[in-house]
Each structure stands twice: as C-alpha cells, then as structure tokens.
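Notes follow once the structure below has been shown.
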Amino acid sequence: MANQQLIDALRDADAVTFGEFELSHGGTSSYYIDKYVFETDPRCLELIAEAFAARVDASKLAGVALGAVPLVAVTSVETGRPYVIARKQSKEYGTGNRIEGTLAEGEEVLVLEDIATTGQSAVDAVAALREAGAVVDRVLVVVDRQEGATENLAEHDVELESLLTADDLLEGAPEEVDGE
C-alpha cells in the first residue's frame, strides 16, 4: 500500500502537475512529477528520508547526480550511512572522478534515485559504480512512472523498488489524466 502521507505531501507541494510535458527520454506525458519541487520541500524530504531509511540494507548509499543528491544526503543523515555520488560523466577538471566520495572494492551499495521512467540514468549509475568495484543489485526510487524502468534494470540484474508508483500518485488526483 502506498504511503498516503507522502502522496499528500507531494501533492501539497504542487510536485504533480497536469498538461502536456516532454520528458527527458523524449516521450510526452499528460502529467509531470517535478523532482525539484519535492526535493526542495522540507516535509517531502523528511518523509522520503524516513521511507528510504526503512528500506536501506547496504553499508553505503549512492545518489545519481544531480537529482538524487538531496535525497541521498538526507537519507545518509537519517541512517548514519555514508554515501557517494554517481555522475553522468567524469568531470573534465579537478580529480576527473565519475564517482564522488569514498568507495571500497566489493562494498555493497544501494542506489537512490528520484523518478524512474525508463531507468536509464539508474542503469548508467549502476554501471559506473560496478566499474568502480561496488556491488549493486538494487535501486530505490521515490516514484516509478511505470514506463519500463523495472524491466530495463532487471536486464542488468538490478531490482527496482519504489516508494510510490505513478498509479499510486495519480489515483484520486484532482485533475483528470487522459490515457492513465
């Protein structure tokens, strides 16, 4: 069962809007879940950190840059577990790292992500973490849009777990959503 408190907090923060939106993977949608709205709202962050913390089973956390950095930071504070940040690509300055933070060979890492649509950014983060020596078999997201992320991650031997699905978030929403 979905966490109604979290659903209410996301809606109260106006993180869910309706209209015609282009998504990062190039598709379109009649609704948009604005991660920057819920990731900058203290109540949403508090509820997400608590819910993520209850599901943490690894010694280290990883956040996918940039969107999941606030989520992994608050979850780190909530759990007392350290974290790393997985960049989309290596920096072209400084250390040139793709993984920021300390990561030991063979360390079990749980990847945290904001929203999963196709799951490709999570797949890329898992690949970077594995290349750096981490053991990763699970990604935890706030919202699964239910558009192929579970299947895409499964092809890479990674389980996707979500706090909410798009169905959870849109059920009983005040706006009519065509095609949902």
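No lab work stands behind these numbers, since they all come straight from the coordinates. On a predicted model such as this, the values are computed, not experimentally measured, just so you know. Positions of Cβ are generated from backbone atoms using ideal geometry, with glycine treated the same way; all protein chains shown enter the neighbour counts.
Annotations
- Number of residues in the stretch 102-113 that are surrounded by fewer than 23 Cβ atoms within 10 Å (Cβ to Cβ) and part of a strand (DSSP E or B) equals 1.
- In the stretch 139-154, the qualifying residues are those that are charged (D, E, K, R) and crowded, with 18+ Cβ neighbours inside 10 Å, and the one that is nearest to the chain's Cα centre (by Cα) is Asp144.
- Condition check for Gly80 on (1) touching a helix residue (DSSP H, G or I) at 6+ places or on another chain (Cβ under 7 Å); (2) over 28 Å from Gly148 (Cβ atoms): one failure, at (1).
- The stretch 117-140 residues that are of a type in the set (Lys, Arg), paired with ones that are surrounded by 23 or more Cβ atoms within 10 Å (Cβ to Cβ) (beta carbon under 8 Å, 6 or more apart): Arg130/Val136; Arg138/Leu110; Arg138/Val111
- Restricting attention to the stretch 125-171, the residues being part of a helix (DSSP H, G or I) and over 26 Å from Val16 (Cα atoms) number 7.
- Enumerated helices (runs of 4 or more DSSP H) restricted to the stretch 1-85, each holding at least 2 residues that are among the polar types (S, T, N, Q) and either without any contact (Cβ under 8 Å) to a residue 60 or more places away in the chain or within 25 Å of Ala173 (Cα to Cα) (or both): 4-12, 69-79
- Some residue of the stretch 27-47 being of a type outside the set (Ser, Thr, Tyr) and in contact with a Phe, Trp or Tyr (Cβ under 9 Å, 6 or more places away or on another chain): yes
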